[in-house]
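Beneath this line is the structure, given in structure tokens, with notes to follow.
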Amino acid sequence: MARPQKQIRGKQLVARVMAATIAELARSGMDGLSIEDVAVRADVNKTTIYRRWPTPQVLAREALACATTSSPDPIDTGSLRGDVAQWAREFQRVARSPDMQTVIRLRFGTPGAGRMLALTNELAEKKHARSRAMLLRAVERGELPPDTDTDLVHEVMFGAMLYLVVFAPEPCDEARLERALLLVLDGAAHPQSPRRRGPRASTLHARGRRKADIKATK
């Protein structure tokens, strides 16, 4: 006779179901996710899951949100460099967690269409709003010029972190990551005026040919 399942509640239940959901997403994807399979993997009754997460979509949304979560508080140490250092530490900690590694594979290792991409895009946008606000505060404090394209600066910084922490062939330590981000900040804080360049060589060559053609017709 099978032993009855041990009743679990509260945070322990949530943690077990969230971990099982991430594992099932990795196995079957968003379209193949089922509450029954999650219940078996988590070793809980499926009705327990249905009471809190009535559909696979609701379950997946919460599991992905938990896997990608960082502090809900604003990144505001009082200085832009301090904010960037905190952001980099948080990104490394979250990106290297096993659950987040699964989310990254789901986001970047699957075809670019479908509910999974839409859901991860939505979660990513909420996280980016927090770090973009960090740059807007830096403009208000005068640490970045008033006309700074904060969206572009954010995109470049996030792209650097994503490559160095997730995709680079060699692990990136905290100091190297911070140096990379500060390189971007230094460029944003001290923008260079576009140099006035002379005519390109191809233009000069074309002008010379035109002069030669004119002489030849005289």
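Filtering 144, 164 for residues that are hydrophobic (A, V, I, L, M, F, W, C) and either part of a loop (DSSP other than H, G, I, E, B) or in contact with a strand residue (DSSP E or B) (Cβ under 6 Å, 6 or more places away or on another chain) (or both) leaves a single hit, 144.
Matching residues to (1) under 30 Å from residue 26 (Cα atoms); (2) surrounded by 14 or more Cβ atoms within 10 Å (Cβ to Cβ); (3) not β-branched (Val, Ile, Thr); (4) not assigned by TED's automatic domain parsing to the domain that holds residue 25:
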{"position": "116", "(1), (2), (3), (4)": "yes, yes, yes, yes"}
{"position": "122", "(1), (2), (3), (4)": "yes, no, yes, yes"}
{"position": "143", "(1), (2), (3), (4)": "no, yes, yes, yes"}
{"position": "150", "(1), (2), (3), (4)": "no, yes, no, yes"}
{"position": "158", "(1), (2), (3), (4)": "yes, yes, yes, yes"}
{"position": "165", "(1), (2), (3), (4)": "yes, yes, no, yes"}
{"position": "170", "(1), (2), (3), (4)": "yes, no, yes, yes"}
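Residue count for segment 38-58 satisfying the condition of being in a loop (DSSP other than H, G, I, E, B) and under 20 Å from residue 106 (Cβ atoms): 2.
For every residue, the table says whether it meets (1) touching a residue at least 40 places away in the same chain (Cβ under 8 Å); (2) among the hydroxyl-bearing types (Ser, Thr, Tyr); (3) not in a helix (DSSP H, G or I).
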| position | (1), (2), (3) |
| --- | --- |
| 36 | no, no, no |
| 76 | yes, no, yes |
| 81 | yes, no, no |
| 90 | no, no, no |
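Looking only at residues of segment 2-41 that are under 19 Å from residue 102 (Cβ atoms) and of a type in the set (S, T, N, Q), we find that the one that is modelled with the lowest pLDDT is 28. Out of 77, 68, 48, one residue alone is at pLDDT 90 or above and either farther than 30 Å from residue 180 by Cα or surrounded by 16 or more Cβ atoms within 10 Å (Cβ to Cβ) (or both). It is 48. A search for C-beta distances below 7 Å between a residue of segment 49-61 that is without any contact (Cβ under 8 Å) to a residue 60 or more places away in the chain and any residue that is assigned to a helix (DSSP H, G or I) and among the charged types (D, E, K, R), counting only pairs 6+ apart in sequence or on different chains, returns 53/62. Comparison of 89, 115, 141, 132 shows that the only residue that is more than 17 Å from the chain's Cα centre (by Cα), modelled with pLDDT of 90 or more and not small (Gly, Ala, Ser) is 141.
The values are calculated or read from the model by the stated rules, or taken from the named source; none is laboratory data. None of the values given here were measured: they were computed from a predicted structure. All Cβ positions, even for glycine, are placed from backbone atoms using ideal geometry, and neighbour counts span all protein chains on display.
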